[in-house]
Amino acid sequence: MNLRLRLVTAVSLLILIAMAGTVGYMWIEDLALLDAFYLTVITISTVGFQEPAGGFTRPGELATIALIIIGVGTVFYTATTALEFAMEQFLGGSMQARRERRRIDSMDNHVIICGYGRIGRHVWEVLEPGPRQVVVIDSEERKAQAARDAGIPVVELDATDDHSLELAGIDTAEVLIASVRSDPDNVAIVLSARARRPDLRIIARANEPQAEKKLLLAGADRVVTPAVVGAERMASMVEQPDLTDFIDLQFHGDLVELRVEECHLEADSPLIGRTLATSQIREDSGAMVIAVVTQAGKPILNPPADFWLRAGQTLVAIGIEDQLDRLRKLANR
């Protein structure tokens, strides 16, 4: 049971005991409502004890003993829980905020995920095994706590607020993902992020297909519409069952294992000055080069075997994580 629920339960129990004590004294000792309530409060709070005029009856004495045993214990439990709750909220909360602030301030080239809903959570689950650091922005307490429980530093503010982007370290971030539930909010996030960081890579979620154009105009580099992607995936299962069955079977139904990644060739790469055939990329890494982006930014799809590799080019390869990792090591020893 979490601390908040414990406190609510303790206070509720204390109220019930006070009500029961008041009704009991009214019924057993024939006291007025205020007198019965006063006697109950001073009994369970241990601030004093005063018998009614003439003393208690035998049933009243037994009721008082029970009230002291149960009530006093409940009062102390409630007080302890309230103090613990206050410490957690005011001291623990501020300490946690400072720790998160320090973590975020130390980050560089990290990913900002705006919205830790279903899509944002899945993005984190895919990124989590890798080296990238992530910051989440979400104003909903439940989602923010879920992100914290996953070990992610959180900015618990509205992602459309420019201040939240600043607190999330937008000035040093590499990628921002706008994935809140509202398309207008995603547009606002993209506009703010692009105005602050013209060079930032921004990926946005479009909940409705018609929002895609607005997000691109706002400055998003890429827009993903989950409903459209899911529909295309299901359609491919109908139109190309052999291919989709192969992918599912080969990778145990986990499509994220099959990845497409870029590998930039630096000037000191051992692959420079060799052709694709003589580089033996396929043989040594297992990854397959499906495209090369030239120094001028022109993509060449399915490059021929005699294509020469030059500094500044970017290889686009497909493979599982281990194969792509070997390719990165091969290209930048």
- [ ] Given the conditions (1) open to solvent by 50 Å² or more (accessible area, probe 1.4 Å); (2) at pLDDT below 90, report the number of the one that L217 does not fulfil.
- [x] (2)
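Name the single residue that is nearest to K143 (Cα to Cα) among those in region 196-208 being open to solvent by 70 Å² or more (accessible area, probe 1.4 Å) and not in a strand (DSSP E or B). Steps first, answer last, please.
Start the filter on region 196-208 by keeping residues that are open to solvent by 70 Å² or more (accessible area, probe 1.4 Å), which leaves 196, 198-199, 201, 208.
Next, only the ones that are not in a strand (DSSP E or B) stay: 196, 198-199, 208.
Working: R196: 26, P198: 29, D199: 29, E208: 23 Å.
For region 196-208, the residue satisfying everything is E208.
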Task: A231, sole failed condition from (1) open to solvent by 90 Å² or more (accessible area, probe 1.4 Å); (2) modelled with pLDDT under 90; (3) assigned to a helix (DSSP H, G or I) - done: (1)
- [ ] Within region 118-154, track down each residue that is hydrophobic (A, V, I, L, M, F, W, C) and open to solvent by 60 Å² or more (accessible area, probe 1.4 Å).
- [x] V126
Open item on the list: So for region 298-310 (the condition being closer than 22 Å to P131 by Cβ and either in a strand (DSSP E or B) or at pLDDT 90 or above (or both)), does at least one residue qualify?
Closed with: no
Task: Residues satisfying the stated conditions in region 62-81, i.e. of a type in the set (S, T, Y) and either at pLDDT 85 or above or farther than 12 Å from T40 by Cα (or both) - done: T74, Y77, T78, T80, T81
TODO: Please identify the pairs in which a residue from region 9-37 that is without any contact (Cβ under 8 Å) to a residue 60 or more places away in the chain and part of a helix (DSSP H, G or I) has its Cβ atom under 7 Å from the Cβ atom of a residue that is open to solvent by 20 Å² or more (accessible area, probe 1.4 Å) and not hydrophobic (A, V, I, L, M, F, W, C), counting only partners at least 6 apart or on another chain.
DONE: I28/T57; I28/P59
TODO: Identify the single condition in (1) touching a residue at least 12 places away in the same chain (Cβ under 8 Å); (2) under 11 Å from the mean Cα position of the chain (by Cα) that D171 does not satisfy, given that it satisfies every other one.
DONE: (2)
TODO: Taking only region 1-33 into account, find how many residues are surrounded by fewer than 14 Cβ atoms within 10 Å (Cβ to Cβ) and at pLDDT below 85.
DONE: 5
Open item on the list: Of everything in region 317-331, what is surrounded by fewer than 18 Cβ atoms within 10 Å (Cβ to Cβ), of a type in the set (A, V, I, L, M) and not in a loop (DSSP other than H, G, I, E, B)? Give them in sequence order.
Closed with: I318
TODO: Take region 86-104 and flag every residue that is aliphatic (A, V, I, L, M) and either modelled with pLDDT under 85 or open to solvent by 30 Å² or more (accessible area, probe 1.4 Å) (or both).
DONE: A86, M87, L91, M95, A97
- [ ] Filter region 279-288 for residues that are open to solvent by 30 Å² or more (accessible area, probe 1.4 Å) and not in a helix (DSSP H, G or I) and give the result.
- [x] Q280, M288
Open item on the list: Show me the strands (runs of 3 or more DSSP E) found entirely inside region 105-195 where at least 1 residues are within 17 Å of N207 (Cβ to Cβ) and modelled with pLDDT of 95 or more.
Closed with: 111-114, 175-178
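The values are calculated or read from the model by the stated rules, or taken from the named source; none is laboratory data. In this text, all values refer to a predicted model and were calculated from it rather than measured experimentally. Heads up, the Cβs are rebuilt from the backbone with ideal geometry, glycines too, and the neighbour counts pull from every protein chain shown. All accessible areas refer to the heavy atoms of the entire protein, side chains included, with ligands and DNA or RNA removed. Shrake-Rupley method; radii C 1.70, N 1.55, O 1.52, S 1.80 Å.
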